[in-house]
Each structure stands twice: as C-alpha cells, then as structure tokens.
1. Among what's in the stretch 51-84 and is surrounded by 15 or more Cβ atoms within 10 Å (Cβ to Cβ) and charged (D, E, K, R), pick the residue that is farthest from LEU24 (Cα to Cα).
2. Consider only pairs whose beta carbons are under 6 Å apart and that are at least six residues apart or on different chains; among these, list those whose first residue lies in the stretch 14-35 and is under 27 Å from LYS61 (Cβ atoms) and whose second residue is assigned to a helix (DSSP H, G or I) and polar (S, T, N, Q).
3. May I ask you to verify whether GLN48 is within 20 Å of VAL87 (Cβ to Cβ), surrounded by fewer than 15 Cβ atoms within 10 Å (Cβ to Cβ) and without any contact (Cβ under 8 Å) to a residue 24 or more places away in the chain?
4. Which is at pLDDT 90 or above, in a helix (DSSP H, G or I) and over 20 Å from the mean Cα position of the chain (by Cα), of LEU46, LEU34?
5. Which of the residues that make up the stretch 20-30 are surrounded by 12 or more Cβ atoms within 10 Å (Cβ to Cβ) and within 23 Å of PRO67 (Cβ to Cβ)?
6. Within the group LYS14, LYS6, LYS39, which residue is of a type in the set (Lys, Arg), at pLDDT below 90 and in a helix (DSSP H, G or I)?
Amino acid sequence: MCYQRKNMSVSSVKPVLELLKGELLSPSPDDTELTENIKSNMCRVLAQKYSPPNIQLLLTKATVLDPRYRGSMEDAEVLDDVRQQLVQELLDMKEQQGSREGASSEESCSKAAGGNDEPPPAPARRE
C-alpha cells in the first residue's frame, strides 16, 4: 500500500521536480515513441509552470528553510544569495514590527498622560 500525503509543503516541490526531471522523466533506451513523447511533454509543462524567476526564488527559499533539505539542491553561490535575502527579509520585518510597536507605545503613553485628542464624553443626564 502506498502512503499518500494530503498536505504537501512548498519546500518539497523543488526536490520532487528534480526527481521527476532527473530520473523518472529522462529518456530511456527502452521507451517507446509514445512514452518518449509523454515524458517530453511532461517535462515541458513542468518547466513552463515552475521556471519563472519569482516561482524559482520562492521554491528555493522554502527548500533552504526546510530542515530536510537545507539547500542541498542548490549551487553554493545561489544558496548564499538566497540566505542573504532571507536574512534581509527578517531584518526588514523586525524593523517594521519595531516601528509599529514604537508608535503603539507612544500612543499608549500619550493617552495615559491625558494627551488624548478626543473630546471628553458628555456627562449623562439625570431625569
């Protein structure tokens, strides 16, 4: 019985593509003409779907971050570039979060000190 996984991680896409293109869909001397055409067309479709640079970058980042792969499928130069991009993204996120927290804490301090710009609520009338 074959194990079927319902949810697939994006980090597994690139390794599966490499497996397909490298071993399973490569031409074999025993292939019939029909089999060769099917394999060729499958490779072409996969290349068209997954070759755009933005998709390749996403797949590479996901693969680098996955502890199962850790970029084992990438050239050293590409791996260094992607790692630098990931570090920069984290630093940018931290900076954005820090600026939001700073604005939020300033607002809280202002309100606590009575610096609220909103007019006070009208007193309730007794009848």
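The values are calculated or read from the model by the stated rules, or taken from the named source; none is laboratory data. Since the structure is predicted, the reported quantities are computational estimates derived from the model, not experimental observations. Positions of Cβ are backbone-derived with ideal geometry, glycine not excepted, and every protein chain shown enters the neighbour counts.
1. Checked the stretch 51-84; the qualifying residue farthest from LEU24 (Cα to Cα) is ARG83.
2. LYS14/THR63
3. Spelling it out, it is not the case that GLN48 is within 20 Å of VAL87 (Cβ to Cβ), surrounded by fewer than 15 Cβ atoms within 10 Å (Cβ to Cβ) and without any contact (Cβ under 8 Å) to a residue 24 or more places away in the chain.
4. Just a single option satisfies the conditions, and that option is LEU34.
5. LEU20
6. LYS14
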